[in-house]
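Here's the structure, in structure tokens; my notes come after.
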Amino acid sequence: MAWPNDLRVGFHLSMAGGPARLFRRYDDRGCTAFQMFLGSPRSWDVAEWSDDWLAAFREELCRRGSPPVVAHTRYLLNLASRHDAVRARSIATLRAEYRAASRLGADFLVLHMGSHPERERGLALMREGLLAALAEVAGPHPLLLLENTAGEAHDLGTAPADLAAIRTQLPFPTGICWDTCHAFQAGFDLTTAEGRRMLEQALVRAFGADGVAVVHLNDALFPRGRGRDRHAALDQGHIGALALASFLRSPLLRGATVIFETPQPDGPDDPAADLANRERLRRAFLEEPSSQTEGTPSILRGRGAARRTVPP
Ligand SMILES: [Zn+2]
Ligand SMILES: [Zn+2]
């Protein structure tokens with residue numbers, strides 16, 4: 001289906017069982033985009049796909065009109081770690097993941113900001129790590145996206161300014177993946193029009209009108225500002241589907257790729273929970289008065305859906 005604001009909407013999908021299974025999950029959920037890992041997220045091994053595997057993946061992707069593919073780096077990475085061994089391993093794995101995402105033809109590769117007890121030192125290590133991992137391999141495709149964090153133990157990157165500071169110091173292009181649960185946990189109040197307006201302004205100031213390429217659309221299990229990274233299904237958390245739909249109407253997000261990372265309690269092959277979330281979002285768009293675009297900052301007017309890097 002077509003979504004408002006030229007959004008592409010999909011889910012984080014398991015690639016277990018190969019491309020045919022992956023794309024069956026895609027079809028079962030009515031996706032127009034999707035996200036996947038590049039190997040088991042809890043191990044350091046990066047998938048080494050055979051040529052046959054990749055050919056099958058590309059054929060399935062092509063058959064569905066080449067929707068945006070978001071690759072997500074594993075959670076073990078911490079480019080800002082205090083421990084040299086973890087940092088070295090994170091750098092090598094990020095480089096391998098970038099190469100894997102590139103072979104896959106992914107549009108985006110999402111990386112969480114790391115963690116470190118001292119913010120300035122952590123940001124410097126993050127930047128050094130990104131340079132060491134990607135200075136020689138990264139280009140516009142796949143586009144590396146830095147993701148905001150919830151503010152759990154020493155998380156870097158809860159504030160847009162921190163992500164912006166890293167971005168401007170890199171010699172290769174980057175974009176932003178904005179997670180609604182993490183933002184809410186970091187203190188941004190998405191539940192009111194005023195709070196959303198302030199968030200929108202903060203995003204424009206930090207990233208410009210087209211910096212946010214991907215939205216992770218998650219409700220939050222905990223109340224605002226707690227720094228707890230626990231995602232909830234839409235309307236089963238503290239943000240709510242109506243508020244999230246209002247946020248997605250922002251001209252700032254026109255043409256963005258929206259990925260649900262909401263709980264899949266019955267495993268990757270039962271689409272029921274995902275379909276329920278999709279339906280809640282669809283209904284919220286119908287109910288939500290689309291007054292959000294009134295009073296849009298002039299920088300955002302006329303923003304085009306220019307983010308796609310794959311021809312439709
Ligand atoms: Zn996320
Ligand atoms: Zn999260």
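Tell me the GluC sites (Glu not before Pro) within segment 44-88 that lie in a loop according to DSSP and have at most 12 other beta-carbon atoms within 10 Å. Present the calculation step by step, with values, prior to reporting the outcome.
Values: sites: GLU48, GLU59, GLU60; in loops: GLU48.
Those that pass, being in a loop and sparsely packed, are GLU48.
For the pair ALA161 and ALA135 in one chain, pulling the backbone fully straight at 0.36 nm per residue adds 7.2 nm over the alpha carbon distance.
What chymotrypsin sites (Phe, Trp or Tyr not before Pro) does segment 47-84 have in DSSP loop regions with at most 14 other beta carbons within 10 Å? Please report the intermediate quantities before stating the final value.
Values: sites: TRP49, TRP53, PHE57, TYR75; in loops: TRP49, TYR75.
Counting only loop positions with at most 14 other Cβ atoms within 10 Å, the chymotrypsin sites (Phe, Trp or Tyr not before Pro) in segment 47-84 are TYR75.
Of all beta bridges that DSSP places with both ends in segment 4-288, some 10 percent have antiparallel geometry. Averaging the sequence gap over all C-alpha pairs within less than 8 Å and six or more residues apart, then dividing by the number of residues, gives the chain a relative contact order of 18 percent. Taking Rh as the Kirkwood radius computed over C-alpha pairs, what is the Stokes-Einstein D of the chain at 20 °C in a medium of viscosity 1.002 mPa s, expressed in µm² per second? Stokes-Einstein gives a translational diffusion coefficient of 110 µm²/s.
From the Kirkwood radius over Cα pairs of segment 1-129, Stokes-Einstein at 25 °C and 0.890 mPa s returns a whole-number translational diffusion coefficient of 154 µm²/s. Label separation (GLU48 vs ALA16): 2.4 nm, computed from points 7 Å beyond Cα along the C-beta direction. Segment 183-228 and segment 105-137 have Cα centres spaced 21 Å apart. Please give the Cα centre distance for segment 67-103 versus segment 245-285, rounded to the nearest Å. Going from one Cα centre to the other spans 26 Å. Length available on full extension from ALA153 to ALA85: 0.36 nm per residue minus the Cα-Cα distance, which gives 22.5 nm.
Calculated FRET efficiency, ALA276 and ALA193, Cβ-Cβ r, R0 41 Å, to nearest 0.05?
Working: r = 26 Å, r/R0 = 0.64.
Efficiency at R0 = 41 Å is approximately 0.95.
Per residue, the convex hull spanned by the alpha carbons of segment 124-225 comes to 100 Å³.
Distance between the modelled labels on ASP266 and ARG24, one decimal in nanometres: 1.6 nm (7 Å Cα→Cβ projection).
So, R0 is 22 Å and r is the distance between the beta-carbons of CYS62 and LEU286; what FRET efficiency does that work out to, to 0.05?
On the way: r = 32 Å, r/R0 = 1.46.
Efficiency for this residue pair is about 0.10.
The numbers here are math on the coordinates, done by the rules we state, and not lab data. Computed from a prediction, not measured in an experiment: that's the story for all the values here. Positions of Cβ are generated from backbone atoms using ideal geometry, with glycine treated the same way; all protein chains shown enter the neighbour counts.
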